[in-house]
Each structure stands twice: as C-alpha cells, then as structure tokens.
Amino acid sequence: MSKPNPSQQNARYAALAAVLGLAAFAAAPLAQAAEPIRIAVIAENSAIGGIAITNAAKLAADEINAKGGVDGRMIEIIDYDDHNSATDAVRAFQRAASQDHAIAVISSYMSEVALALEPWAARLHMPFITPGAASNEITRRIHEDYEHNKYTFHGYLTSTELAQTVCNFSHDVLVTKLHMKSTVVMSEDAAWTKPLDNEYLACLPKAGLTVLDHIRFSPDTTDFTPLFNQIEAKHPDVITAGISHVGVQPTVQWASQQVPIPMSGISSQATTDTFWRDTNGAAQGVILEENAAPNIAVTAKTIPFAQAYIKRYGVTPGYAGYSAADDVNIIAEAVKRAKSTDPDKLVAALEQTDYIGTMGRIQFYGRNEPFTHGLRYGPGYVTGVVVQWQDGKQVAIWPADIATGELKFPSFIKLPEQHAGK
Amino acid sequence: MLALQILIDGFAISALYALGAVGFTLIFGVSGVLNLAHGGLMLIAAVAAWYTAGELHAGQYIGAITGLAFGVLAAFLTYFVVVRPIQRSRAIPRDETEIFVLTGTLLWGIMIQEAVAYFFSDNPLTVPALISGVANIDGVRVPFNEILVAVISWLSIGLLWILVNRTRAGKALLACAINPRGLTLLGFELGRIYLLVWLIYGLLVAAAGVLLATFLGTSSGNTGALTASAFSIVVLGGLGSVSGSLIAAYVVGYMETLTAYLVSPQIRTIPSLLLLVLVLYVRPQGLLGRR
C-alpha cells in the first residue's frame, strides 16, 4: 500500500473530525437527557458499619436504576472513604459539591463526623442525610437555626429516642417478665452517648429499673475487666450499654470472664452477622436495639432488602445499611417531587417525605418540632426493634407484634429468680 | 478480694507486656534497631491466627501456630525489606542510619496497619481462648486462658534466658550486644547473628500478638498503642536491658491495673506515662540501662 501524501492525510483527518463532531453533536441532547443524578456517599470503608452505608446505597441505586431511574435519569453513587476522620469527610464533602456535582450527600454513622459536615451542608447548600449518627445535637442545630441548617436531615433515630426504645423494651420484658429491678448504665465516652445516657438515667427508673451506677469509659479501652468488676460489685440485674465504637472486645471479655449479668441496650457493632464470627460466638445472649434486622419483617421491604444485600455482599447489612438504602430512595423520590435538583427545592421536597422504607414509615419532623428534620418516632413510624443473639442468629424479642422468640441466656448468667433462690 | 483481683490481673497483663517488650529490647540491644513496626508485627501474627482459627475454621491451636509462623515471616520481611537495605545503603551517612531505620520501620508499621484495615476491616480481632472456662481463685473469677497467657509468656521469657545464657549461639548474641566488632575479630559472622536475633524476635513478637488476640483482642487501630507501650516499657527499663524491661513491664502493668481498678479505667495509662517522663528527667538511661 502506498503511503498517503500529506494533503491526502489532512483531508482524511478533516473527514474524521467532521464525523466525530457530528456524532458528538447528535449525541449531545441524548447525553443531557440521561445526565445522572449523583449522590455522594462518604463513609469509613474499613469499618463494617461504614462500608454498609456505601454498599447499601449502591444496592438501592441499582434497584432504582433497574426500574428506569428517576424520570429516566440514572442514580450514580460516588463514594468516598473518610477513614473515620472528620477532616477527610469535610474534604470529601467539598469535593462532592464542587468537583463531582453531587446533588446530595449521605454520610457517616459517627456523630462527630456528621456534626463536622453539618455546617458545610449549610455553607454549600448541599442536602445532607446522615444514616447512622445519633447525637441530638444534629437536629438541635437545625431547630435553632432552621434557615441556615435546613439542608441537614437526620436519617436515623436520635440518641434520646434510642434510649427511649431501650427503656420501653426494658419495661415490657426485663421488668415485667423477668422481674428485674436494677441496672448499671455502661456507655462509651462519645458525642452520641451524652444525650443517650441522660435519657437512660431519666427513663430507666420510670421503666422500673433503679440505676445503681453510671459508667462512662474511653472508646480506646481494650481491657474491660476493671469495668465489669466495678459493675459486678453493685449487683445489678442487667447492664444497660451504649456502645458503638467498641463492641467485640467488651463482649468477648464479658463471655470469657463469665460476668453473670445480662448485657442489654445499644451495641452497634453487634448489628451485623460478622459480629457473631468476630466474637467467636461470645455474643450469645447479648440483647441489642436496632432499627431493622435481616430476618424481621419491620416492613414488607426489610427482608427483601437484607436478602439482596446478603446475596451481593455476603454479609448482613450493618444498622446504617438499612437507613442508607432508605435515604437513597428518599432522595430519589424528593428529586421526582421537586422536578429539580435545586438544593432549596430538594430540601422542601425532602420535608414532604412519606416513605415506607426498610426500617418503618419515614417522615421528618417539621421546623417547629424539637427534633427538626429527625425521623418521626413512635408506633406507625420508626420505633426500632430489640433482638437477642441466639446460636448465631438475631431473634426478635420486642415489640411483641414482631417477636419471633423468647429471651435465652448462656449458663453463666444469673437472673433475678436465681439470685433469690441462692 | 479486690486486692487479689488486682494482683492476678496485673500479673497476667504485665507478663504479656514483658513478652512484648523483651523482643523489642533484644533487637535493639543486639542489632541497634528500634523497630517501630513492632505493633504491626504483633498485628500480623494476630490476624493470621484469627483468620486461620475463625475464617478457615482450623481451630485455635492451628491458628496460634499459623500466627507464630506469620509473625516470624513478617519479622524477616521487616529485616530484609526495610532494615538491612537502610543499614547497607551508601547514600545514608553512617551516623544517621539509626534515624533512617527508625523512620523506615515507623512507615512500615503504618503500611501494615493500613493494609490490615483495608483487607480485614478495622474491627477488633479475637482468637478463641486456647482453653475456655474460668477458675475460681478465692472468690475471684479468672479465665483459664488468662492464666495460660501468663504461663506461656513466662515460659517464653525463660526459654530466652536459657538460650542467651546457656547456649553458644545465645552467648554470641550477648557478645554482639556488648561489642560487635570484637565478635567479628573472633571469627563470628555478624550476618548470621542478626538472622538468629530476628528469628528469636519474630517468635517473641508473634507469641505476644497471638496471646493478646486470645486474651483481650486487638485491632489495626491498636498497633500504634502496642508499639508505644513496648517502647515506653523498654525506655523505662533501659534500652537494650532485658531484665530492665521485665521489671519495667511489671511496674507499668501494675500501675495501669491499680489505676484502672482504684481510680478509673479512663486514665489507665496516665500514671505510667508520667513515671516515664519523670524517669527521662532524672535517669535518662532508664532503670537498668547502660547508656
């Protein structure tokens, strides 16, 4: 084949350029119509609870996209790893807003991180939902300065409500059925446990449990023996916990030291099935509150979601996985209602949310209610459930209408009747 | 009863500290290396034991042995990939080698920590107790495993003592710590002595990592604290002094336990750190240090 001369070559390039240009021109309106809706997800990827947020959001987005997306627009999840650092999370948030053109952000199960992002949501006018942080401070800021902070939504129960659920359960089951009379509150020292402990101290006595001691410990604690020793010296009927940063170590040590007191309350790490493996079964008998569980039909969507998640990722979703999946759907519906991704219109549409999700019926409190933009809490909305680890499975204990089993404890636990019989 | 509890718990935790610190001080004494990847190596042994015992369902004994093997492997890797190239580099001035080794091992430790967090999550890892059940010692419940941890720690330290004081190879190690140049003049090959000391170090650090995983559990986020704990015990005892480290491990272990039980677990490490600062002021060579 002869080599083309320069002028021939130029002509070929010109023709090619023209074709490409035409193709680009023709494709342009098509590309515009299919412009994806970008939702940023910022979470800690190396934590089981954190990666659940990203994974669940991707799963929810794929399910929406499989049904044709939002008015023909696909949902694209852009995920960032915040390494459990508020600084990294803020940087990711800024990048999501300025470079990656996200229309909303779903982020973190850490109150410290969510609280660091909240002012940035206000400054950058970026709708932001936290699927797993619990501090009351998040909604308090929105309530006190609505115009400024209205871009933040709290997609998980506040600490006060979490404590309330534990108290309701304690009354209905521990006090009424097992005749327990006293407890010790044991919480890690973190932003989310301050309002949690305040509510515990207020509502546990009303539920029928005298609080004998209130222990707060550093989340860096690795040896829990002195804590259990201190608790045991008070002879409570049950330990009411508030733990999330820690979980595996206190549980394993509780079982290996055969602390004879049942452990109940909030234990976020215990919400996924990896917890059973991580503790080598030491979780047996641990009672915990969560917003949804893989085998409990909180709503018709809970079990199918959990099964799809297990099929795709091989583990059950951590507690923030359920809420993250709900949040993607809530944002998608809000975009549909607002017919826009304009932040203010989106916020207004999010405020109209009435969505049956995996963890209940989801509505946000209004600006005049104390937990502004928090989840509406109570029967018919989101209540939380209480489960117990039994032989590798979470068995629903409370509320009565979804309970699938009764409390069962390892042999080293001594219940009030056994104390009395001694 | 509280006194007995403190006595028992303090003894077990101090034994584990001693095991962790003795390797750290040995490797410094013999080869002049301050290995800041110490916690990382403990973590590798713990992860290997956890993975084999739990994820591969091989049971805790095979898990523990695998942990030991991986710990030794990781120690050799540290020596050949990080320490030796720095020590042999012509680009690094002789008198700055130690600083470069310090930096190199620090970065290596961070790399290990990040890699473990990436592949295995930063969730705490626990290996099932080597023996389950609890003993009742005069009203104090003590897990059998806690007793075993103390026994194995002391057995390992005892074996190390026999090795150093009763065998020819061990005496060479000791001589190397005192005067490496003299040793080469006697016809000993320093390279082989270094290999031996890294092997012993690998076994000690791996044993400490595996035992920690069966006793309290550990996590990738914990590696910095593990290195810091070994480092401060060794500085307190006197860098390079094995017996100093053993005494310091018990001083730190009991101070921490007393604080946790009698004051608050929140400030568990504070008094021993204050003591360390004080020792650095008045006796910078540590309790039994030579320099």
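The values are calculated or read from the model by the stated rules, or taken from the named source; none is laboratory data. Model, not experiment: these values are computed from the prediction. Here Cβ is always computed from backbone atoms with ideal geometry, including for glycine, and neighbour counts include all displayed protein chains. Calculation scope for accessible area: heavy atoms of the full protein, side chains included, ligands and nucleic acids excluded. Shrake-Rupley method; radii C 1.70, N 1.55, O 1.52, S 1.80 Å.
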Testing B:GLN60 on (1) over 18 Å from B:ALA150 (Cβ atoms); (2) modelled with pLDDT under 90, one condition comes back false. Which one is that?
(1)
The condition from (1) closer than 21 Å to B:ALA12 by Cβ; (2) surrounded by fewer than 20 Cβ atoms within 10 Å (Cβ to Cβ); (3) among the β-branched types (Val, Ile, Thr) that B:VAL277 misses is numbered (1)
Can you confirm whether A:VAL395 is at pLDDT 90 or above and not assigned by TED's automatic domain parsing to the domain that holds A:GLU232?
no
Here are B:PHE76, B:PHE100: which of them is open to solvent by 70 Å² or more (accessible area, probe 1.4 Å) and of a type in the set (A, V, I, L, M, F, W, C)?
B:PHE100
Looking at (1) closer than 20 Å to B:LEU212 by Cβ; (2) in contact with a Phe, Trp or Tyr (Cβ under 7 Å, 6 or more places away or on another chain); (3) more than 14 Å from chain A (Cβ to nearest Cβ), which one does B:ALA172 not meet, given that it meets all the others?
(1)
Could you check B:ILE44 against (1) part of a helix (DSSP H, G or I); (2) among the aliphatic types (A, V, I, L, M); (3) more than 15 Å from B:THR223 (Cβ to Cβ); (4) open to solvent by 20 Å² or more (accessible area, probe 1.4 Å) and say which number it fails?
(3)
Are there any pairs with C-beta distances below 6 angstrom linking a residue in the range A:220-247 that is assigned by TED's automatic domain parsing to the domain that holds A:ASP273 and in contact (Cβ under 8 Å) with a residue 40 or more places away in the chain to a residue that is open to solvent by 20 Å² or more (accessible area, probe 1.4 Å) and in a loop (DSSP other than H, G, I, E, B), with the two at least 6 apart or on different chains, and if so which?
A:ASP237/A:LYS181; A:HIS245/A:PRO219; A:VAL246/A:PRO219
Check whether at least one residue in the range B:49-59 is buried (at least 21 other Cβ atoms within 10 Å of the Cβ), in a helix (DSSP H, G or I) and acidic (Asp, Glu), and report yes or no.
no
Restricting the range B:264-291 to residues that are outside any loop (DSSP other than H, G, I, E, B) and facing chain A (nearest Cβ under 10 Å), the one farthest from A:ASP223 (Cα to Cα) turns out to be B:ILE267
Within the range A:251-265, count every residue that is open to solvent by 10 Å² or more (accessible area, probe 1.4 Å) and facing chain B (nearest Cβ under 8 Å).
4
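Restricting to the range A:232-248, and then to whatever is within 13 Å of chain B (Cβ to nearest Cβ) and surrounded by fewer than 23 Cβ atoms within 10 Å (Cβ to Cβ), can you tell me which residue is nearest to A:LYS414 (Cα to Cα)?
Out of the qualifying residues, it is A:GLU232.
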Filter the range B:1-41 down to the residues that are open to solvent by less than 10 Å² (accessible area, probe 1.4 Å) and not in a helix (DSSP H, G or I) and list them by number.
B:VAL33, B:ASN35, B:ALA37
Can you say whether B:ALA69 is in contact (Cβ under 8 Å) with a residue 12 or more places away in the chain and surrounded by 23 or more Cβ atoms within 10 Å (Cβ to Cβ), as far as the supplied structure shows?
no
Take residues that are open to solvent by less than 60 Å² (accessible area, probe 1.4 Å) and either within 14 Å of another protein chain (Cβ to nearest Cβ) or at positive phi (or both) and tell me which of the strands (runs of 3 or more DSSP E) falling wholly in the range A:98-192 contain 1 or more.
A:182-188
Flag if B:VAL164 is crowded, with 17+ Cβ neighbours inside 10 Å and in contact with a Gly (Cβ under 6 Å, 6 or more places away or on another chain):
yes
Pairs returned, first residue in the range B:220-245 that is free of Cβ contacts under 8 Å to residues at least 24 places away in the same chain, second residue that is of a type in the set (A, V, I, L, M) and outside any loop (DSSP other than H, G, I, E, B), beta-carbon separation under 6 angstrom, 6 or more apart or interchain, are none
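Residues are listed down the side, and each one gets a yes or a no for (1) of a type in the set (Gly, Ala, Ser); (2) buried (at least 16 other Cβ atoms within 10 Å of the Cβ); (3) facing chain A (nearest Cβ under 8 Å):
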residue: B:THR105; (1), (2), (3): no, yes, no
residue: B:PHE119; (1), (2), (3): no, no, no
residue: B:LEU125; (1), (2), (3): no, yes, yes
residue: B:LEU130; (1), (2), (3): no, yes, no
residue: B:VAL134; (1), (2), (3): no, yes, yes
If a residue must be within 14 Å of chain B (Cβ to nearest Cβ) and open to solvent by less than 60 Å² (accessible area, probe 1.4 Å), how many such residues does the range A:193-215 contain?
3
Is it true that B:VAL142 is open to solvent by less than 10 Å² (accessible area, probe 1.4 Å) and either of a type in the set (A, V, I, L, M) or under 20 Å from the mean Cα position of the chain (by Cα) (or both)?
yes
Need pairs with beta-carbon distance below 9 Å; first residue free of Cβ contacts under 8 Å to residues at least 40 places away in the same chain and within the range B:31-54, second surrounded by fewer than 24 Cβ atoms within 10 Å (Cβ to Cβ) and assigned to a loop (DSSP other than H, G, I, E, B); sequence gap 6+ or separate chains.
B:THR52/B:ALA58; B:THR52/B:GLY59
Select from the range A:216-231 the residues that are open to solvent by 10 Å² or more (accessible area, probe 1.4 Å) and either assigned to a loop (DSSP other than H, G, I, E, B) or within 25 Å of A:THR165 (Cα to Cα) (or both) and write down the one among them that is farthest from the other protein chains (Cβ to nearest Cβ).
A:PRO219
With the condition kept exactly as written, say whether any residue in the range A:414-422 is in a helix (DSSP H, G or I) and open to solvent by less than 40 Å² (accessible area, probe 1.4 Å).
yes
May I ask you to list pairs of residues, at least six apart or on different chains, whose Cβ atoms are under 8 Å apart, with the first in the range B:82-106 being in a helix (DSSP H, G or I) and the second being open to solvent by 50 Å² or more (accessible area, probe 1.4 Å)?
B:ILE86/B:PHE100
Taking the range B:227-258 only, how many residues are open to solvent by 10 Å² or more (accessible area, probe 1.4 Å), part of a helix (DSSP H, G or I) and either farther than 16 Å from B:ALA15 by Cβ or within 14 Å of chain A (Cβ to nearest Cβ) (or both)?
11
Suppose the filter is small (Gly, Ala, Ser) and at pLDDT 95 or above; does A:SER264 pass it?
yes
